[in-house]
Amino acid sequence: MNKIAIVTGASRGIGREIAKQLARNQIKVIANYNCSEKEAYELKKELQKENIQIDIIQADVSKREEAKRLIQFAIEKYKKIDILINNAGISEYKMFTDETDEDWNRVMNTNLYSAFVMSQEIIPNMIHHKKGCIINISSIWGIIGASLEVLYSISKAGINGMTKALAKELGPCNIRVNAIAPGIINTNMNDKFSKEELKQIEEEIPLERMGEAEDIAKCVKWLIEDNYTTGQIISINGGWSMT
Ligand code: NAP
């Protein structure tokens with residue numbers, strides 16, 4: 001039987017590319033979206049043209065009940081879930097002193113609580129099948145911190161801590177947990193930057209370009225195929241940071 005994967009936030013950007021990469025490699029993909037219904041169904045159509053079927057499920061994964069509904073769909077249809085990609089995320093660009101409790105809740109719930117809840121709800125199924133692969137999409141800012149993105153940096157640092165701790169707890173159950181920490185990737189998330197600002201950033205990157213979503217998706221594929229990597233935060237950033 002094919003491997004089964006849930007990809008959160010697969011309607012756009014990095015998640016969309018991950019969903020495509022996995023589906024094109026004989027993995028059965030359940031692609032989650034929250035608001036971008038049109039984009040999600042365009043992805044389904046694009047893959048249908050290649051004779052590849054994927055499931056599209058709407059759920060706000062920052063809410064436990066909706067995350068549970070997404071997972072129940074997958075278990076009822078396929079009985080098992082081999083792979084979880086916790087990709088859904090939002091950025092927040094503000095002075096720290098202007099951040100509100102609402103900002104905190106929105107960023108933490110979307111970027112960190114969603115990964116907690118999705119993992120917690122799926123792990124019993126993975127333990128039952130004695131295998132699993134969880135990949136969290138973190139960020140360079142969770143490692144080195146970003147000015148004007150303090151909440152975002154906290155949420156991604158939390159993801160990194162969760163990845164390492166959970167890898168230790170779940171290793172004996174043959175469940176691997178890793179994170180990918182991208183640098184700057186060419187998606188809507190960076191629409192907040194002007195062309196000049198993006199050019200300036202690219203000049204700081206040794207490989208002299210922003211990453212593409214495909215650069216991240218390739219690493220996801222590799223992590224799934226691998227058997228002995230766990231608890232790692234893999235930086236993919238064109239050499240922007242080498243910590
Ligand atoms: P994006 O283009 O803005 O896409 C974000 C995706 O997350 C969308 O598919 C969106 O779905 C989904 N999403 C947001 N909130 C959600 C929720 N509550 N429930 C379900 N899905 C939700 O951003 P991206 O660049 O692809 O980012 C993907 C991940 O990579 C994020 O975790 C981000 O922090 C991380 N990352 C990105 C960069 C970068 O430079 N782009 C760098 C480092 C890390 P809908 O549109 O359907 O709501």
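The values are calculated or read from the model by the stated rules, or taken from the named source; none is laboratory data. Keep in mind that what you see is a predicted model, and the values were worked out from it rather than measured. All Cβ positions, even for glycine, are placed from backbone atoms using ideal geometry, and neighbour counts span all protein chains on display.
Scanning the range 102-129 for residues that are surrounded by fewer than 18 Cβ atoms within 10 Å (Cβ to Cβ) and either over 17 Å from the mean Cα position of the chain (by Cα) or basic (Lys, Arg) (or both) gives GLU102, ASP103, TRP104, ASN105, ARG106, PRO124, ILE127, HIS128, HIS129. Tallying residues that are surrounded by fewer than 18 Cβ atoms within 10 Å (Cβ to Cβ), near the ligand (Cβ under 8 Å from one of its atoms) and not hydrophobic (A, V, I, L, M, F, W, C) within the range 67-90 yields 0.
Sub-8 Å Cβ pairs linking a first residue in the range 93-110 that is in a helix (DSSP H, G or I) to a second residue that is acidic (Asp, Glu), at least 6 apart or interchain, are ASP103/GLU92; ARG106/GLU92; VAL107/GLU92, ordered by first then second residue.
Checked against the criterion of being within 13 Å of the chain's Cα centre (by Cα), crowded, with 19+ Cβ neighbours inside 10 Å and among the aliphatic types (A, V, I, L, M), the candidates ALA23, ALA40, ALA10, ALA59 yield just one match: ALA10.
Taken together, ILE140, ILE175 contain a single residue that is within 30 Å of ILE127 (Cα to Cα), at pLDDT 95 or above and not basic (Lys, Arg), which is ILE175.
Of the residues screened, TYR93 is not one that is touching a Ser or Thr at 6+ places or on another chain (Cβ under 8 Å) and among the aromatic types (Phe, Trp, Tyr). The set of residues in the range 111-141 that are part of a helix (DSSP H, G or I), within 14 Å of the ligand (Cβ to nearest atom) and in contact with a strand residue (DSSP E or B) (Cβ under 6 Å, 6 or more places away or on another chain) comprises ALA115, MET118.
Entry remark, the range 148-184: residues being touching a Ser or Thr at 6+ places or on another chain (Cβ under 9 Å) and either polar (S, T, N, Q) or not in a helix (DSSP H, G or I) (or both) number 14 in total.
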